[in-house]
Amino acid sequence: MINQAFAVVLRQFTIISITSLIIGISTTATLAQRNGLYSPIPLPKNNEVSDTLSDKDIPTGQGGFARDYTIKLNRGDNLVIELRSDSFDTIVTLLATDGTTVAENDDGPDGTSNSQLYTRISETGTYIIRVHSFGETGVGPFKLKVTRLQPIK
């Protein structure tokens, strides 16, 4: 009987502790964004950038790093997002305004470790394009290019 009561109290304590931890992490992330600690880079008007991924960028939690760019997209836009690097195995992720993953690509159709993502936008808004390396594969220079495809008439 005492062991069962202890198990119930321990379970409740664990649930409360985990819930508090999750709330604390969410609050910290929100405060970091509000205070300018997290500030994605606006993609230039030509939708191309040559940049360098470094160990000063966003840790992915998998040993690698990520860099975020913002882009305004319209409902119905058809895109090709290309990410190329000779220094690391690339992954490109398109994130919606609420942080959910819209689409992601690791290796493009050309058989290399470069990324090429094709997607269609379902809602107008500001999106984030996340450039990151596969696992712990590294850092270094990269080229990111977003092309809006024209519909066939």
Within the stretch 29-114, DSSP-loop chymotrypsin sites (Phe, Trp or Tyr not before Pro) with at most 13 other C-beta atoms within 10 Å are Y38
Percent relative contact order for the stretch 41-149, counting Cα pairs under 8 Å at least six residues apart, stands at 40 percent
Here, GluC sites (Glu not before Pro) of the stretch 56-153 satisfying both criteria (DSSP loop; at most 15 other Cβ within 10 Å) are E123, E136
Simple SL model, points at 7 angstrom along Cα→Cβ for T124 and E104; separation in nm is 3.0 nm
At the level of C-alpha centres, the distance separating the stretch 127-146 and the stretch 57-112, in angstrom, is 7 Å
Scoring only Lys, Arg, Asp and Glu (+1, +1, -1, -1) among other residues with Cβ under 15 Å from the Cβ of I81 yields -1
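At 25 °C and 0.890 mPa s, grab the translational diffusion coefficient of the stretch 41-149 from Stokes-Einstein with a Kirkwood Rh over Cα pairs, rounded to a whole number in µm² per second.
Value of D from the Cα-based Kirkwood radius: 178 µm²/s.
What is the gain in length, in nm to one decimal, between Q62 and S50 on full extension, counting 0.36 nm per residue of separation less the C-alpha to C-alpha distance?
1.9 nm is the gain from fully extending Q62 to S50.
Here, each number is a calculation from the coordinates, and none is a lab measurement. What you see is a predicted model, and the numbers here were worked out from it, not measured in a lab. Don't worry about glycine lacking a Cβ; one is built from the backbone with ideal geometry, like all the others, and counts go over all protein chains shown.
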